[in-house]
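Asker: Take a look at this one; I'll ask things after.
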Amino acid sequence: MSARSFSVFVNCPFDAAYKASFEALLFSVIASGYQVRCALEENDAGDIRFDKLCRLITESDRSVHDLSRVELGPAGLPRFNMPFELGLYQGARRFGTKPHR
């Protein structure tokens, strides 16, 4: 019987300016013995992003949310996808069944 692999859902920027921090975060999670789970692990155009996020969060034991950077987009408004993913994670932990807590 093999040991269960624990995983960490990573919610952070994925752009070039954050690349070094993202790589350090991935290294830290992996070096701690966890499997990394994030939205970048699959690129299936047929997969609805919300459903993919719900699945990744459900399958993860822990999470890391880096909300340190908020920038304005072309319309002058910030993107709130990372705070949304944090809220989705917190909702799963708060209102989900025992495996989600």
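The values are calculated or read from the model by the stated rules, or taken from the named source; none is laboratory data. All values reported here derive from a predicted model rather than from experimental measurement. FYI the Cβ positions are ideal-geometry reconstructions off the backbone, even for glycines, and counts take in every protein chain you see. When the accessible area is computed, the model is the full protein with side chains, heavy atoms only, and any ligands, DNA or RNA have been set aside. Shrake-Rupley method; radii C 1.70, N 1.55, O 1.52, S 1.80 Å.
Asker: Taking segment 35-60 only, how many residues are open to solvent by 70 Å² or more (accessible area, probe 1.4 Å) and of a type in the set (D, E, K, R)?
Answerer: Residues meeting the conditions: 6.
Asker: Would it be correct to say that ARG69 is without any contact (Cβ under 8 Å) to a residue 60 or more places away in the chain and in a helix (DSSP H, G or I)?
Answerer: Taking the combined requirement at face value, the residue does not satisfy it.
Asker: Moving on. Sort through SER21, SER32, SER63 and tell me the only one that's modelled with pLDDT of 90 or more, touching an Asp or Glu at 6+ places or on another chain (Cβ under 9 Å) and either open to solvent by 60 Å² or more (accessible area, probe 1.4 Å) or more than 23 Å from SER5 (Cα to Cα) (or both).
Answerer: SER21
Asker: Scanning for something part of a helix (DSSP H, G or I), within 15 Å of SER68 (Cα to Cα) and hydrophobic (A, V, I, L, M, F, W, C), does segment 34-48 turn up at least one residue?
Answerer: No, the conditions are met nowhere in segment 34-48.
Asker: Looking at PRO74, PRO83, which is the one that is more than 15 Å from PHE14 (Cβ to Cβ), modelled with pLDDT under 90, more than 15 Å from the chain's Cα centre (by Cα) and open to solvent by 50 Å² or more (accessible area, probe 1.4 Å)?
Answerer: Within the list PRO74, PRO83, the selection yields PRO74.
Asker: May I pose another question? I need a count of the residues in segment 3-26 that are farther than 14 Å from MET82 by Cβ, in contact (Cβ under 8 Å) with a residue 24 or more places away in the chain and not hydrophobic (A, V, I, L, M, F, W, C).
Answerer: 2
Asker: Residue by residue through segment 86-101, note down the ones that are in a helix (DSSP H, G or I) and either at pLDDT 85 or above or more than 20 Å from CYS12 (Cβ to Cβ) (or both).
Answerer: Residues of segment 86-101 that are in a helix (DSSP H, G or I), as a first pass: 86-95, 98-100.
Selection gives LEU86, GLY87, LEU88, TYR89, GLN90, GLY91, ALA92, ARG94, PHE95, LYS98, PRO99, HIS100.
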